[in-house]
Amino acid sequence: MSALRIGPYTLPNQLILAPMAGVTDRPFRQLCRHLGAGLVVSEMVTSDVRLWNTRKSSLRLLHQGDPEPRSVQIAGGDPQMLAEAARRNVALGAQIIDINMGCPAKKVCNKAAGSALLKDQGLVQEILHAVVAAVDVPVTLKIRTGWDRQNKNGIEVAKIAEQAGIVALAVHGRTRADLYSGDAEYDTIAAIKQAVSIPVFANGDIDSPEKAKAVLAATGADALLIGRAAQGRPWIFREIEHYLRTGEKLPPPGLLEVERILLEHLAALHAFYGEVMGVRIARKHVGWYLATLPGAREFRAQFNRLESTDAQCANVREFFRERHNDGEEVAA
Ligand SMILES: Cc1cc2nc3c(=O)[nH]c(=O)nc-3n(C[C@H](O)[C@H](O)[C@H](O)COP(=O)(O)O)c2cc1C
């Protein structure tokens with residue numbers, strides 16, 4: 001694997017945790033980094049700094065204690081607001097600024113942000129120039145392959161990005177109109193990679209070591225961005241890293257290790273968010289970890305009614321104790 005550079009930073013490998021709002025918070029970023037991700041990207045932060053004093057935003061803006069280099073994603077549609085958001089994030093400790101032009105989420109798109117921007121190449125150019133000029137840290141961009149199937153303007157946007165001084169480009173292999181349906185297509189990512197000389201990161205549906213290798217080969221990309229497959233399975237990074245490096249597959253983690261990782265993750269979520277929010281956010285993560293284990297559905301129904309951090313930890317321990325006794329192995 002050749003060393004991947006983003007500005008002054010050399011990444012330890014070419015595997016990146018994709019930004020996911022509501023998922024890639026600091027506890028999850030730390031865990032993924034620990035389990036083999038070469039870079040992790042924060043959840044998007046709105047460029048509207050007037051909204052930053054909400055609890056949700058303020059937790060997203062906490063960059064101290066984050067694994068380095070700290071990449072923070074900003075989302076919005078106004079060049080000057082994005083520039084200001086970039087400046088403030090750098091002041092708060094961001095070492096890389098990532099601009100979101102890939103997210104189809106309604107909340108962002110209602111304000112013509114995220115992938116809705118791809119329709120307006122003039123505005124894309126203005127935004128990229130404004131943000132690059134505003135900060136002295138590397139700026140990266142995340143896009144989709146285009147606005148819709150008839151308007152796959154990913155190549156033009158990539159060229160605009162390169163000219164504007166964007167140092168790396170992540171491409172989700174779907175158009176904005178595709179949302180998350182259909183299979184990610186890698187041809188357009190390959191064409192974008194050919195069209196620019198900045199590093200290109202391929203994204204979309206990478207969920208196994210074999211798929212990772214195939215996507216690298218199909219796209220010629222410099223790195224891979226992995227999102228949903230890491231939910232409840234943060235060890236996917238070490239599995240892919242090992243496979244790409246050695247050609248051999250690591251055995252899946254045993255039950256004992258899954259239990260240890262999950263309990264550590266729970267403790268980190270509880271500490272980061274506090275009792276009320278921590279309990280709520282832990283529910284979805286626990287559901288993802290246990291999804292493939294027998295009895296998970298019944299367990300989840302009662303787990304989701306628990307209201308305290310102590311009860312959550314005790315229940316997870318009990319779930320695993322029963323399975324250890326049954327001598328089950330995890331099939332992750
Ligand atoms: C719950 C969720 C939240 C997401 N939030 C963001 C986000 O904040 N910013 C962004 O650029 N993409 C976001 N995405 C898109 C992912 O970064 C990624 O492009 C997409 O999930 C495809 O990759 P995957 O198939 O590996 O999941 C989100 C996706 C999911 C599932």
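What is the Cα radius of gyration of the range 255-325 over 2.2 N^0.38 Å, N being its residue count? The partial results should precede the final answer.
Values: Rg = 11.1 Å, N = 71, 2.2 N^0.38 = 11.1 Å.
Cα Rg divided by the expected 2.2 N^0.38 Å: 1.00.
Rounded to the nearest 0.05, what FRET efficiency do Gln163 and Thr10 give with R0 = 22 Å and r taken as the Cβ-Cβ distance? Could you check?
0.35
Counting only residues 5 or more places away or on other chains, whose amide H sits under 5 Å from the amide H of Arg70 once H atoms are built in the peptide plane?
Gln95, Ile96
Over all directions, average the projected area of the Cα convex hull of the range 40-94 and note it in nm². Numbers along the way, then the final one.
Working: hull surface 13.9 nm².
The directionally averaged projection comes out at 3.5 nm².
Rounded to the nearest Å, what's the spacing between the alpha carbon centres of the range 142-166 and the range 269-292? Just the number, please.
Going from one Cα centre to the other spans 36 Å.
If you place +1 on the Cβ of every Lys and Arg and -1 on the Cβ of every Asp and Glu, how big does the dipole about the Cα centre of the chain come out, in debye to the nearest 20? Mind dumping the intermediate values first?
Numbers: 40 positive and 37 negative charges, 122 e Å.
In debye, rounded to 20, the chain gives about 580.
Which whole-number percent gives the relative contact order of the chain, counting Cα pairs below 8 Å spaced six or more residues apart?
Working: 628 pairs, mean separation 44.2, N = 332.
Across the chain, relative contact order equals 13 percent.
Count charges around Ile198 for me, please; just the other residues with Cβ under 11 Å from its Cβ, Lys/Arg as +1, Asp/Glu as -1. Working shown, then result.
On the way: positive: Arg5, Lys159, Lys193; negative: Glu162, Asp222.
Its environment carries a net charge of +1.
Name the residue from Ala301, Gln312, Leu262 whose Cα lies farthest towards the positive end of the charge dipole of the range 255-325, charges +1 on Cβ of Lys and Arg and -1 on Cβ of Asp and Glu.
Sorting the options by dipole projection puts first Ala301.
Relative to the Cα centre, what is the charge dipole magnitude of the range 255-325, using +1 at the beta carbon of each Lys and Arg, -1 at the beta carbon of each Asp and Glu, and rounding to the nearest 20 debye? It would help to have the intermediate numbers written out before the result.
Working: 10 positive and 9 negative charges, 50 e Å.
Taking the Cα centre of the range 255-325 as origin, the dipole is about 240 debye.
Keeping all protein chains in place and using 1.4 angstrom, which order do Lys193, Lys211, Lys159, Lys142 fall into by accessible surface area, from largest down?
Working: Lys193 45, Lys211 65, Lys159 90, Lys142 20 Å².
These residues rank, largest area first, as Lys159, Lys211, Lys193, Lys142.
Just round it to a whole percent: the fraction of Cα-Cα distances in the range 4-246 exceeding 25 Å.
Numbers: 10048 of 29403 pairs.
Value for the range 4-246 (Cα pairs over 25 Å): 34 percent.
If Lys and Arg each add +1 and Asp and Glu each add -1, what is the summed charge of the other residues whose beta carbon sits under 15 Å from the beta carbon of Ser42? If you can, show how the numbers build up before the last one.
Values: positive: Arg26, Arg29, Arg33, Lys56, Arg60, Arg70, Arg88, Lys142; negative: Asp25, Glu43, Asp66, Glu68, Asp98.
Result for the neighbourhood of Ser42: +3.
The values are calculated or read from the model by the stated rules, or taken from the named source; none is laboratory data. Note that the coordinates shown come from a computational prediction; the quantities given were computed from them, not determined experimentally. Cβ atoms come from the backbone with ideal geometry, glycine included; neighbour counts cover every protein chain shown. To get the accessible areas, we keep the full protein, side chains included, count just its heavy atoms, and leave off ligands, DNA and RNA. Shrake-Rupley method; radii C 1.70, N 1.55, O 1.52, S 1.80 Å.
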